[in-house]
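Just so it is clear, none of the values below were taken in a lab; they were calculated from the coordinates. Please read these numbers as outputs of a predicted model, since none were measured by experiment.
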Amino acid sequence: MLHFATQTWITDFSPPDRRGRNLSLYGLSFGLGFSAGPLLASLASWHEWLPFYVSSLFSLVSWCAIFFLQNEQPKEWAQSDSTNVAQRLLHVWKYAWVALLLPLTYGFLEATIHTIFPVYALREHIGLDQVALVLPAFSFGGIAFQLPLGVLSDRFPRKQVIAAALFIGSASFFSAYLFHHSLIGIAICFFIAGMFVGSLFSLGIAYMADLLPKQLLPAGNLLCGMLYSIGSMIGPFVTGLAIQIGTNQSFFFMMFTLLFLLFLIMLQKQQKKRIN
């Protein structure tokens, strides 16, 4: 609920020339919290309830901060089918389906990297300590370049920035496919891939907001969250099946293929006239 509400709030009230920056800050905050959150478990060595106390404190501070926000909400859609959820979702998909593929892809990538790469490492006889060094590289790359990429998407055509990021990301995974014998090479490729495709979720939301009227932003954000979850569910299954049927290197080839196909779609897609 917090995820959906925050996305809707930022996309609805951010001016177009700062939407990418604001959403990148949102993505950066989410990434930092996602990375730092598990560290709270180490506080249990001091006191078994301490992680819960700290989490409650964070929630309390956030709750108090809400009262300083102006109570606003998106305008209702004036069309006759404004109460028909299915019609709203169909309109969102019709005009912003390319942007919606970006959260789906990011969910696929994120879940696959964190669940299937350890399986790949096990098959390649890579030690757990080495996996612990390579695996965070993708997340660190996304955190490091989240804000710069969001700012670039405001200064240059957002579609072109996303297409360039997809191409570089696909090239990074293809490089990892070619240099899979080098653990350092894989870590570098993961870091570079994270720099450019680690922002797909926030960039996808920003691009979706460019294509839709404000009245459809709640439905658009809802679809973004749903597709992200679907990507997270199917990514490990599809990639794991590819490794089982093919070779271990099918892991990298799947990442490359997915990003490169989306890059081609971005090049071919002609933006439809925005509805009012």
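A few remarks follow.
- Using only the C-alpha atoms, the convex hull of segment 9-161 corresponds to 194 Å³ per residue.
- Most mobile listed residue (His91, His181, His125) in the chain, GNM with C-alpha springs under 10 Å: His125
- Average Cα contact separation per residue, the chain, under 8 Å, 6 or more apart, as relative contact order %: 33
- Extended-chain gain in nm, criterion 0.36 nm per residue less alpha-carbon gap, Val61 and Val85: 5.2 nm
- Euclidean distance between Cα centres, segment 180-247 to segment 26-58, Å: 25
- Shape analysis of the chain based on the Cα gyration tensor places the equivalent ellipsoid semi-axes at 32, 26, 16 Å, largest first.
- Only Cα sites of segment 174-276 enter the Debye sum here, all with the same form factor; the resulting log10 I(q)/I(0) across q = 0.11, 0.18, 0.21, 0.22 1/Å is -0.47, -1.03, -1.23, -1.29, listed in q order.
- Within a Gaussian network of the chain (alpha carbon springs, distance under 10 Å), most fluctuating of Phe179, Phe253, Phe167: Phe179
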